[in-house]
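Taken together, the values in this text are just the output of simple stated rules run on the coordinates, not laboratory data. Worth saying up front: this structure is predicted, and the values here are computed from it rather than measured. Using ideal geometry, Cβ is built from the backbone for each residue, glycine included, and neighbour counts are taken over all protein chains shown.
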Amino acid sequence: MSNQDVIVIGAGGGGAVIAKELGELGLTVLVLEAGPWYGNKKWPNPNLQPGGVSSSTKDDLDVTLYKQLLNKFEMNMNDLVSGRFRWGPADRNRSQWFRHANQKGVIWQCSGVGGTTQTYTANCPRAFPAAIDKVWPLSYRELVPYYEKVEATLPVNFAATTAKEELFYYGAKKAGWNLIPTLDVKGPGYRPQPNAILPPNENITNLNITDEQLSWMEGCTLAGHCINGCPHGPSIDKIAKRSTNVSYVPLALNTGNVCIRPNAFVIEIITENNPSKGLHAIGVNIRDTWTGEQEELRAEIIVMAAGSIESPRLWLNSGLPDNPWVGKGLVNHYMDWVSGIFDEKDLIPILGTSDINPYVGNTCAARFDYPGLGTLQSVGMSPGLTASFYELSQSGYSFLNKPEINDPWDIKGRLYGYELKESMDSYRKTLNILVSTDDEVDQRNGITLDPLLRDENGFVPVVSYQPTKQSRRKRGQLVNLAADLLRKAGARKVIWTNWPAGMMIHIESTMRIGFVVDQDCESFQVKRLYIADNSVHFNSLGGVNPTLTTQALATRTAEKLFKKYFNRML
Amino acid sequence: MEASGRSVTLNPYIISTFRSLVEAIIPPHLKQKDYIGTVHVAGAQELHVYEYVIWILDHSIAFPVKEQFNFVNGSMSKSTAELLDAGAARLIQKGQIFYPLNGTAYPSGGLFSALSPIDRLRAITIIERLDINLEYLSIPYKNNPVLVRNMMDVLNELPMFCHYSEWPAYGKTRLLSPEYRRVEYFPPGWFQVQYPGPSFGYRDFRGFLAIIQHRKVDQ
């Protein structure tokens, strides 16, 4: 495709959505993705050989290949340095792409068609209305039709219950909170996770059907591999966890107007300045990640959907106009991790079973929301990932942090020795809670360029984040609520890991709406340049998972972009 | 170093340092099992987890960046081993070791591996608190407090992820490039925590607490 109307940079949570929407409106779209494409016949060995150039038909999608590549082994899939889901080139013989982090923590992003949604847990809550209304340049009400469209397309449903959710709900209820079975959260309470995971197949409890047969049917099998990569379903477009590579990408290809090119790292936005159009985007320079060859591609409109680190990096590396908010204002929900270890005698009366088995069911299927503070979510993962999460601590080893008499936890900090053995021996009797804070935007946080270090894609990004006093206060309150929930559920021991500030799992607000882009997500300073990723969020949405809001905004942006530049009435 | 399938370093100093590190983080232990009695549970050293830590350190920085660090011929694992020794030296200098040094457990190692396991963790704490002279460290740690502190979490996280993942079961293929590794037996870390491994599905479906009523897309 040489004369596309629109180039979209990134095939992740936002890029795939805007590509599908624009394709359905009749525009020709070229999506450029830096990483590999898993499950496409044109790349039968995506981590070993360059394969094809691009793909524009659903006929290329191959579910058998997909199942072979997403083999559910946590090291093979999730290792941040060499796993299939890493921020790096398709060729796993090469190192990952370098990021310069200014604080302790982990940056958890993936390249590849589907982007970080390949490994996400598919949580799709809407923003808290109070975090949008009279704060953002658009109202919550304006967002609702777009939320509804994405929720119906993915689709989004309340998660099924397994043992770990039942225990979470039990603890929340015992702690005095109410069930709030709503999508529009206006007060505190617990609820099932609204997530983009197909409900279990009606045969989920039919033991005449084998587990393997079940994994070829439509619907979640409760296999618990959301983070390791879900390969279960009869075809690519019916895979249970709705990463964009299995949801919006097939829909985009169905339009006949969308072409996706993996292994293409965009290293520059090309602009032109003339009296009639002003400064505007006209194309991009890309670098083939296998050959290193560079190429210039042009389109009427450019959409950046490269994520909250790469979008500002690309802006800065392209020498686009100065703006004090480019890259600035990063929020990451200042996350934390609280775990409860239970005894068999306490679990049996609640669950009817002696174990929680955290590896069963949707990874993050129960939540507690508290507008003004943030959220708590139950998490159950494979053991390697679980163990590694115990080791990231702002307060060092637990022997340095003996609890005070009134502390709601028994252990604080990084586990070691007996405590570590006890915790991992109790893996099947442990309930983990992710704390996600309504953290404040601070212009000192964000993405800058390293003045000296470059890789093959330009100056490398520097990621900086320190929570504000207010964010620290909120996280402290949430940690106490998590400990109380676990204790009320019957936990014998509560562990507060005290994560460092740099846990970059939900990265948002580095190209903020109202500051870098207008309310239709077009750049103020470079016309015909749009953004459709988490970076445009005005704030942290109240502490809720960001993807659904990005997808709703991308849907809206497609509509606005089409109306403005392609001169047709909707 | 790119992940070209080259095996891990053979430098005995580096190997000794990381063996002693993973031993301190995930030591072997005894566990009481019903009907069997007391069983030995392997620690990270017995599962060769130190090789993974060294492999990751030496494959984590891409060539163009190493070049600008003036680190092309350097080894991240060697610099990190020296960083651990700097922490050990400081702990000793402050007179804060709990147990006497023991040079026999890891004869090729440096000060860090001569410490008792708990003192190794306390040496890491000293580094984490930046109570060492950053000027004397090797590249890339020299005068780089952010990286020094970050690495102390990484050095704990990597052994834990590795030990309890499928990596030890890659057996003879464990140090190959990821595309060429093959699981040769059931991962011991998974056995230890009773994780059944990759699954097609489970039947513990307990219904729905609530249901979303969708509007049609075209409404």
Quiz item: Where does each of A:314-325, A:108-119 land if you order them by average Cβ count within 10 Å, highest first?
Solution: A:108-119, A:314-325
Self-check item: Order of A:VAL17, A:VAL326, A:VAL106, A:VAL135 - criterion: other Cβ atoms within 10 Å of each residue's Cβ, fewest first
Solution: A:VAL135, A:VAL106, A:VAL326, A:VAL17
Quiz item: In the neighborhood of A:PHE128, defined by Cβ-to-Cβ distances under 10 Å, what is the net charge if each Lys or Arg adds +1 and each Asp or Glu adds -1?
Solution: -2
Quiz item: How big is the Rg/Rh ratio for the protein assembly as shown, C-alpha atoms only, Rh by Kirkwood, two decimals?
Solution: 0.95
Quiz prompt | chain B - convex hull of the alpha-carbon atoms, volume per residue in Å³ | solution = 245
Quiz item: Just counting partner chain Cβ atoms within 10 Å, what average do the residues of peptide A:411-422 show around their Cβ?
Solution: 4
Quiz item: Averaged across the residues of A:225-238, what count of C-beta atoms belonging to other chains lies within 10 Å of each residue's C-beta?
Solution: 1
Self-check item: For chain B, calculated [θ]222 nm from helices alone, where every DSSP H run of n ≥ 4 adds -39500 (n - 2.57)
Solution: -12500 deg cm²/dmol
Quiz prompt | Value of relative contact order over chain A, rounded to a whole percent, pairs C-alpha under 8 Å and six or more apart | solution = 22
Practice problem: List the GluC sites (Glu not before Pro) within segment A:283-386 that fall in a DSSP loop (any state other than H, G, I, E or B) and whose Cβ has at most 13 other Cβ atoms within 10 Å. | Solution: A:GLU293
Quiz item: Which ordering of A:PHE389, B:PHE63 is given by a fewest-first count of other beta-carbon atoms within 10 Å?
Solution: B:PHE63, A:PHE389
Practice problem: List the equivalent ellipsoid semi-axes of segment A:426-570 in whole Å, largest first, each obtained as the square root of 5λ for an eigenvalue λ of the Cα gyration tensor. | Solution: 37, 21, 14
Quiz prompt | Among B:189-195, A:206-212, B:96-102, the order from most to least packed when residues are scored by Cβ within 10 Å on average | solution = B:189-195, B:96-102, A:206-212
Self-check item: Filter on A:LYS241/A:LYS564; A:LYS421/A:LYS488; A:LYS493/B:LYS78; A:LYS174/A:LYS429 - keep pairs with C-alpha separation over 30 Å
Solution: A:LYS241/A:LYS564; A:LYS493/B:LYS78
Self-check item: chain A - share of DSSP beta bridges that are antiparallel (%, nearest 5)
Solution: 70
Exercise. List the trypsin sites (Lys or Arg not before Pro) within segment A:124-209 that fall in a DSSP loop (any state other than H, G, I, E or B) and whose Cβ has at most 14 other Cβ atoms within 10 Å.
Key: A:LYS134, A:LYS186
Quiz item: Number of Lys-Lys pairs in segment A:8-167 under 21 Å by Cα, sequence gap 8 or more or different chains?
Solution: 11
Self-check item: Neighbour-limited loop hits for trypsin sites (Lys or Arg not before Pro), segment A:246-313 (at most 10 other Cβ within 10 Å; DSSP other than H, G, I, E, B)
Solution: none
Exercise. Would you order A:ILE236, B:ILE25 from fewest to most other beta-carbon atoms within 10 Å of each residue's own beta-carbon?
Key: A:ILE236, B:ILE25
Quiz item: Per residue of A:158-166, how many C-beta atoms from partner chains lie within 10 Å of its own C-beta, taken as a mean?
Solution: 4
Quiz prompt | Helix-only [θ]222 nm of chain A, DSSP H runs n ≥ 4, -39500 (n - 2.57) each, per residue, nearest 500 | solution = -7000 deg cm²/dmol
